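The values are calculated or read from the model by the stated rules, or taken from the named source; none is laboratory data. Small disclaimer: the values here were computed from a predicted structure and weren't measured. Every residue, glycine as well, gets a Cβ built from its backbone with ideal geometry; the counts of neighbours run over all protein chains shown.
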Amino acid sequence: MALNTTDIAQVLEEIAPVLRGGWIQKIQQPTARTLVFDIRVPGQTHRLLISCRPETSRLHLARCTLLNPPTPPAFCQFLRAHFQGARIDDIRQVPNDRIVELHFTGKDGARTIVCELTGNKANVLVLDAERRVLLDLTHQRDLVGQPYAPPARRETGPHEAQPTRFTGAAGGDFPISADIEAHYQDKESTLAIDSAKDARLRLLKKTLKKEQRRIEAWRDDLAKAVKYRDYARYGELIKANLGSIKKGTEHITVVDYFDETLPEITIPLDTTKSAQGNMDDYFRKHRKYLAAERELKPRIERAQHDLDRLRQELKAIEQGTWTPPSESASTSMTMMRATTRKSQQSADQRRGPFRRFISTDGLPIFVGRNARENDELTFGLAKSDDLWLHARGTPGSHVLVRLEKGNDPPPETLRDAAMLALLYSDLKKSGKGDVIYARRKWVKKAKGQAPGAVIVTQEKSLHVSLEKKRLDALKARSAHK
């Protein structure tokens, strides 16, 4: 359960006097919906944690250090760019509501961070001096640029009616924060286990289907190869009768000297091939049979063993007796995920040559070379959540940034891709211009037009100028040097 209005009032009474006048020293985003601000006050640094996770939305001072991702999310990068070094002028609760506002003065002037600690709809929003939304944590793009409007307030409800659950029994300088932190650490540990279990369940089901299809394909290949088991004998019999077989013969009947009873056997022949060619074909297909027996049988046995183990783990999860997998199983699943990623990367490389670059943040960028490649890049390779870019109002390359679902492009990656769109367009000579960008799902083919012609909706634009240093770095990371 998230903090109620009384909880929020109580913790703010404890921490607000200490944080006012402090300045932002560091900003981190350990999880998708958790922010941590290191706030420096004279002689001390405090760590303010803000969580918008629906089940545990809260705000308090934290003593524990959380692990951070290797690359900060885009929202965190934005906060660092605009709030690092800013001063906290005030921190206060909207009366009788679960909303907290932090007011700052920084290099961009007055800014506000609004923390809506409202359970399922919890969010963090950044407002400018006119209280227009600049960005929000949960990626509600329709809010950006709009005047901020708080969520509709309930007249009465369980959150307003509940007394505080935190007494400060933990003691210390900030006992309420310590109580809240301890309570939600236990809660989030349980949620983390449940989340890991759900993620494991989804991965197991997906992997089971994939592995079952692979085993069935291998068995089909083996069944086809078994038909060639006797083909070495046919090849030897043809070899023994090469001189008597003429091209165009449909079959030969010979004595099968491999059988003790010496029966006659009829061997089909390919009428378009010579006797030597038919003999070679039979020997080649027999070698295929031997290779299938040698390679596919052990492969099927190993895969079936892994499949049985995964089914047992799936059953344990469904029955509630699941424990974290062994190291070998974890390694196996990691390898499966790595194989999937490698297959995707290989597929990306097979689908057209394109120009390929790696952004400053390590994300793949693809650039079409011509109208045909533009069309294949946008409507073949691209996924719906990938970022699509093109120089505004002029012929040029389609540019694609590969993104994970739900992720926004980091600012440096966006600038890298926009610069490539400008470079490979007719605006190159001027060295500057506007580049439009949108998610691939908002790019449609223009009916009846030439390949590469598109209609874009919900696009944004970015004005860029060619930068030699950035382009040199991109070309150094190009997959086609």
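Which one is surrounded by the most Cβ atoms within 10 Å (Cβ to Cβ), of the residues in segment 367-408 that are free of Cβ contacts under 8 Å to residues at least 40 places away in the same chain and of a type in the set (A, V, I, L, M)?
399
Against the definition (closer than 26 Å to residue 282 by Cα and touching a residue at least 60 places away in the same chain (Cβ under 8 Å)), how does residue 225 come out, yes or no?
When the stated conditions are applied, residue 225 passes them.
Is it the case that some residue within segment 48-71 is over 24 Å from residue 187 (Cα atoms) and not aromatic (Phe, Trp, Tyr)?
yes
Go through (1) assigned to a strand (DSSP E or B); (2) surrounded by fewer than 16 Cβ atoms within 10 Å (Cβ to Cβ); (3) not small (Gly, Ala, Ser) for residue 95 and report which single condition fails.
(1)
Restricting to segment 227-256, and then to whatever is part of a helix (DSSP H, G or I) and touching a strand residue (DSSP E or B) at 6+ places or on another chain (Cβ under 7 Å), can you tell me which residue is nearest to residue 279 (Cα to Cα)?
238
Does segment 9-24 contain at least one residue that is crowded, with 16+ Cβ neighbours inside 10 Å, under 18 Å from residue 125 (Cβ atoms) and within 28 Å of the chain's Cα centre (by Cα)?
Checked against the condition, which is being crowded, with 16+ Cβ neighbours inside 10 Å, under 18 Å from residue 125 (Cβ atoms) and within 28 Å of the chain's Cα centre (by Cα), segment 9-24 yields no hits at all.
A quick yes/no check of all residues on (1) assigned to a loop (DSSP other than H, G, I, E, B); (2) surrounded by 15 or more Cβ atoms within 10 Å (Cβ to Cβ); (3) touching a His at 6+ places or on another chain (Cβ under 9 Å):
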| residue | (1), (2), (3) |
| --- | --- |
| 258 | yes, no, no |
| 262 | yes, no, no |
| 265 | no, yes, no |
| 270 | yes, no, no |
| 276 | no, no, no |
| 284 | no, no, no |
| 289 | no, yes, no |
| 294 | no, no, no |
| 297 | no, no, no |
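Looking only at segment 261-300, which residues are among the acidic types (Asp, Glu) and at pLDDT below 90?
293, 295 - these are the residues of segment 261-300 that are among the acidic types (Asp, Glu) and at pLDDT below 90.
Check segment 183-193 and report whether any residue there is part of a helix (DSSP H, G or I), modelled with pLDDT under 90 and among the basic types (Lys, Arg).
Within segment 183-193, one or more residues are part of a helix (DSSP H, G or I), modelled with pLDDT under 90 and among the basic types (Lys, Arg).
Being of a type outside the set (S, T, N, Q) and modelled with pLDDT under 90 is the filter; apply it to segment 64-95 and report the residue that is farthest from the chain's Cα centre (by Cα).
64
How about segment 177-229: which of its residues are of a type in the set (S, T, N, Q) and over 30 Å from residue 9 (Cβ atoms)?
195, 207, 212
If residue 15 meets every condition in (1) touching an Asp or Glu at 6+ places or on another chain (Cβ under 9 Å); (2) under 21 Å from residue 163 (Cα atoms) apart from one, which number is that one?
(1)
Checking residue 388 against (1) in a loop (DSSP other than H, G, I, E, B); (2) in contact with a His (Cβ under 8 Å, 6 or more places away or on another chain), which single condition isn't satisfied?
(1)
Residue 438: part of a helix (DSSP H, G or I) and either assigned by TED's automatic domain parsing to the domain that holds residue 135 or modelled with pLDDT of 90 or more (or both), yes or no?
No, not satisfied.
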